[in-house]
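The structure appears below as structure tokens.
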Ligand code: ADP
Ligand code: MG
């Protein structure tokens, strides 16, 4: 089904990635390899470059230097058809970005039809299957405004899944949600991980990262300060900066930890 062939098992390969906005250097040499089926959680303080890294991976931001490969495609190659590569990368943001004038089904079929050129019947069938997967089979005819934030975010996930992505990128998908709605979205993500989806997740949900991540990256100041299995990075951090961050995040009296973008 997916025309992008994998190079070995590597889904994402980032080499010496730098990104500046004018004089502000935001990413200062990131190296990262993600293999098929891996779940990588990215944690770190606001402003550390987490969103910029994610946005560089599918070229919503143009890297200043370095290379990024997705499957067999070097997306930093100026000749690459980035729209084609991006088709295979799902992205879920803090804000759900659904089309308000389309129903749930419409939101989940439009890109299938326009980008993948699927028939109406085929795209509906795929959309319904994915809405079922996120527990929203009964909401196909609803409009986004009629749904809770958690339901809207699950529609956004179903929409991404309907494009048959090789990789799903999540940028703080639960940060805009009321606390009681976070669980349903995390449950859907946990199930995706169990099904073997390759995922890169920026999150402040430490319990989720601990339980679901194969690997945790701690970013600060535009570099990966520490990475490893969650029981090490979250459980027994080696770097002082990681320990300080975790102390702030895990301290319930300190609430202002969510990223701003
Ligand atoms: P995080 O997601 O870890 O909170 P970001 O990647 O959003 O961090 O931002 C890292 C830094 O880059 C911040 O200082 C932010 O203000 C800056 N930044 C992000 N996007 C832009 C942009 N489009 N133009 C200028 N500065 C930006
Ligand atoms: Mg961010």
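The values are calculated or read from the model by the stated rules, or taken from the named source; none is laboratory data. Being a predicted model, the structure only gives us computed values, none of them experimental. Reconstructed Cβ throughout: ideal geometry from the backbone, glycine too, with neighbour counts over all protein chains shown.
Applying a threshold of 8 Å to beta carbon distances and a minimum spacing of six or more residues, or different chains, the list of pairs starting in segment 77-105 at a residue that is free of Cβ contacts under 8 Å to residues at least 40 places away in the same chain and ending at one that is more than 16 Å from ligand 1 (Cβ to nearest atom) and part of a helix (DSSP H, G or I) reads 105/124; 105/127; 105/128; 105/131.
Starting from residues that are loosely packed, with under 14 Cβ neighbours inside 10 Å and under 19 Å from the mean Cα position of the chain (by Cα), keep the ones in segment 78-94 and report whichever is farthest from residue 145 (Cα to Cα).
Of all residues in segment 78-94, those loosely packed, with under 14 Cβ neighbours inside 10 Å come to 78-79, 81, 83-84.
This time we only want the ones that are under 19 Å from the mean Cα position of the chain (by Cα), so: 83-84.
On the way: 83: 29, 84: 31 Å.
Applying the filter and picking the extreme gives 84.
For segment 67-77, state whether one or more residues are in contact with a strand residue (DSSP E or B) (Cβ under 7 Å, 6 or more places away or on another chain), surrounded by fewer than 19 Cβ atoms within 10 Å (Cβ to Cβ) and within 21 Å of residue 196 (Cα to Cα). Yes, some residue in segment 67-77 is in contact with a strand residue (DSSP E or B) (Cβ under 7 Å, 6 or more places away or on another chain), surrounded by fewer than 19 Cβ atoms within 10 Å (Cβ to Cβ) and within 21 Å of residue 196 (Cα to Cα). Restricting segment 165-196 to residues that are under 14 Å from residue 91 (Cβ atoms) and part of a loop (DSSP other than H, G, I, E, B) leaves a set whose member that is nearest to ligand 2 (Cβ to nearest atom) is 172. Against the definition (outside any loop (DSSP other than H, G, I, E, B) and within 16 Å of ligand 1 (Cβ to nearest atom)), how does residue 61 come out, yes or no? In short, no.
Find the residue count for segment 7-26, including only residues that are on the phi > 0 side of the Ramachandran plot, at pLDDT 95 or above and more than 12 Å from ligand 1 (Cβ to nearest atom). Quick ask: steps written out before the conclusion?
Taking segment 7-26 first, the residues on the phi > 0 side of the Ramachandran plot are 8, 16, 22.
Imposing the further condition that a residue be at pLDDT 95 or above reduces the set to 16, 22.
Imposing the further condition that a residue be more than 12 Å from ligand 1 (Cβ to nearest atom) reduces the set to 16.
Residues in segment 7-26 being on the phi > 0 side of the Ramachandran plot, at pLDDT 95 or above and more than 12 Å from ligand 1 (Cβ to nearest atom): 1 in total.
Can residue 48 be described as buried (at least 23 other Cβ atoms within 10 Å of the Cβ), at pLDDT 95 or above and out of contact with any helix residue (DSSP H, G or I) (no Cβ under 8 Å at 6 or more places or on another chain)?
Yes: the conditions hold for residue 48.
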